[in-house]
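The values are calculated or read from the model by the stated rules, or taken from the named source; none is laboratory data. For clarity, every value in this text was computed on a predicted model and none was experimentally measured. So basically every Cβ, Gly included, is an ideal-geometry build from the backbone, and we count neighbours across all protein chains shown. Quick note on the areas: whole protein, heavy atoms, side chains included, nothing else; ligands and nucleic acids left out. Shrake-Rupley method; radii C 1.70, N 1.55, O 1.52, S 1.80 Å.
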Amino acid sequence: MVKRLLMWDETIFRDPEVFEMDFVPDQFLFRETQTADLAFQMQPGLRGARPMNSFCRGPPGTGKTTTVKKLFAEIEETTKRLVPVHVNCQIDNTRYAIIAKVYKKLAGHPPQPSGTSFKQVYEAVCRRIQKDDIVLIICLDDANYLLHDNEINNILYPLLRAHEAYGDARVGLIIIFSDMDIDIATAVDARVASVLRTTEVLFPPYTAAEVEEILRMRVAQGFYPNVISEDVLQLVVDRTMRGGDLRAGIDLLKRAGFLAERDARRTVTRDDVCKAYEISQRYHLTSIIRSLRDEEKIVLAVIAEMSGEGAGTAAGEVHAALKKDMKLSYTRYYEIIRKLDMLRLINLDYRIGRGRTRVISLRYDPGIVLDLL
Ligand SMILES: Nc1ncnc2c1ncn2[C@@H]1O[C@H](COP(=O)(O)OP(=O)(O)OP(=O)(O)O)[C@@H](O)[C@H]1O
């Protein structure tokens, strides 16, 4: 008889690590052009010159971080002269936190915890570059999280002027935005833009066929044979394409696998995928909603309440409804709308009728959103 149930010490996962978010896959398909472009930009650094600055842009889960991490790993294996520093600006989102991260990479320990200013740490970094005769390549990943309080200019300006202010302290930058609507040229002020001069490297969304191939590879690496059937894989691809983020597909495989294991089954079913999808949507939403300010939560709640059958609501109508309960200027309202759009909670489209009307539609089930608010 074929054994259908797992023993308590058995698992369907060959290697669960491959489903972790910081996992860097050996086989990295469909990003050859972007990898070559970025390598070219960094190449002067290998000869001791200043690397050229790059701007990577693409929606979430399109391989931007992975491309840079793979190149940085290669650099570290090849040379000590060019020192790569990867900064996740979602975590380190102030100029001090960023320069402290660079300092730590060079010194091997963080700056003194109290009483050190940005300027002191920055100068220590520049002195170190000169003393060790190295070149820095700094990746500001998810730098769209620096678009608050002028922070992006506050950090870029000193980094860009390092070579002028401190002899030949050579620093190159890779700036990553996971927001397709913002261009670096307009996101920074004129004095930064005039010295930044980046070459853009675009990361387009993966097609369904590409998502399928990437997920198939993960399945082969992460699960034992026959755990995921062709039919189940197609369902995961379909759900992944709904949200458009490959990361969600990888997470879905992991969660569906856990559900099958919980029931001691040797195969993942369609039902596991559907349940996992709902759980991951809720989980994802909860963490985004928790990060919102009160004012932003109210705007989201009103959008959810006004959401009809997917048709969307005119932005002006939402603002009118909000004004009944709170004081909210139109400018601030639009800032919030833009943020909700950036967080992929809502879609912003134009409806052409008598003039152009901005239409807001919720990307999630309104009931679930209201439940979590
Ligand atoms: N071409 C690919 N082949 C295999 N795995 C990939 C590929 N592209 C992305 N991934 C996987 O998808 C996940 C997300 O990739 P990554 O973090 O590089 O995306 P990103 O564009 O930097 O996303 P974000 O903008 O949200 O930071 C990672 O687990 C990564 O391993």
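Descriptive notes on the structure:
- The lone exception for Asp37 - which of (1) open to solvent by 50 Å² or more (accessible area, probe 1.4 Å); (2) under 24 Å from the mean Cα position of the chain (by Cα); (3) modelled with pLDDT of 95 or more; (4) within 23 Å of Met217 (Cβ to Cβ) it fails: (4)
- Boolean, Gln43 is within 26 Å of Ala107 (Cα to Cα), part of a helix (DSSP H, G or I) and open to solvent by 80 Å² or more (accessible area, probe 1.4 Å): yes
- Flag if Glu77 is within 14 Å of the ligand (Cβ to nearest atom), assigned to a helix (DSSP H, G or I), exposed (fewer than 12 other Cβ atoms within 10 Å of the Cβ) and of a type in the set (Asp, Glu): no
- Positions within the stretch 272-329 being closer than 26 Å to Leu246 by Cα and open to solvent by 50 Å² or more (accessible area, probe 1.4 Å), in sequence order: Cys274, Lys275, Glu278, Ile279, Gln281, Arg282, Tyr283, His284, Ser287, Arg290, Ser291, Gly310
- Among the residues of the stretch 186-244, those identified as surrounded by 19 or more Cβ atoms within 10 Å (Cβ to Cβ) and aromatic (Phe, Trp, Tyr) are Phe203, Tyr206, Phe223.
- A residue that is open to solvent by 30 Å² or more (accessible area, probe 1.4 Å) and touching a Leu at 6+ places or on another chain (Cβ under 6 Å) occurs somewhere in the stretch 124-132.
- Residue selected from the stretch 46-58 under the condition part of a loop (DSSP other than H, G, I, E, B) and more than 16 Å from the ligand (Cβ to nearest atom), by the criterion nearest to Ile175 (Cα to Cα): Asn53
- Close Cβ contacts (under 9 Å, 6 or more residues apart or on different chains) running from residues in the stretch 58-74 that are without any contact (Cβ under 8 Å) to a residue 24 or more places away in the chain to residues that are part of a loop (DSSP other than H, G, I, E, B) are absent.
- Boolean, Ile91 is open to solvent by less than 20 Å² (accessible area, probe 1.4 Å) and either within 20 Å of Pro44 (Cα to Cα) or in the same structural domain as Gly172 (by TED's automatic domain parsing) (or both): no
- Scan of the stretch 164-184 for residues that are open to solvent by 20 Å² or more (accessible area, probe 1.4 Å) and more than 15 Å from the ligand (Cβ to nearest atom), ordered by number: Glu164, Ala165, Tyr166, Gly167, Asp168, Arg170, Asp183
- Residue list for the stretch 330-369, restricted to those being under 17 Å from Ser287 (Cβ atoms) and either surrounded by fewer than 15 Cβ atoms within 10 Å (Cβ to Cβ) or hydroxyl-bearing (Ser, Thr, Tyr) (or both): Tyr364
- Failed criterion for Ile12 (all others in (1) open to solvent by less than 10 Å² (accessible area, probe 1.4 Å); (2) closer than 19 Å to Ala220 by Cβ; (3) within 16 Å of the ligand (Cβ to nearest atom) hold): (3)
- Any hit, the stretch 23-30, residues being surrounded by 14 or more Cβ atoms within 10 Å (Cβ to Cβ) and either assigned to a strand (DSSP E or B) or away from the ligand (no atom under 13 Å from the Cβ) (or both): no
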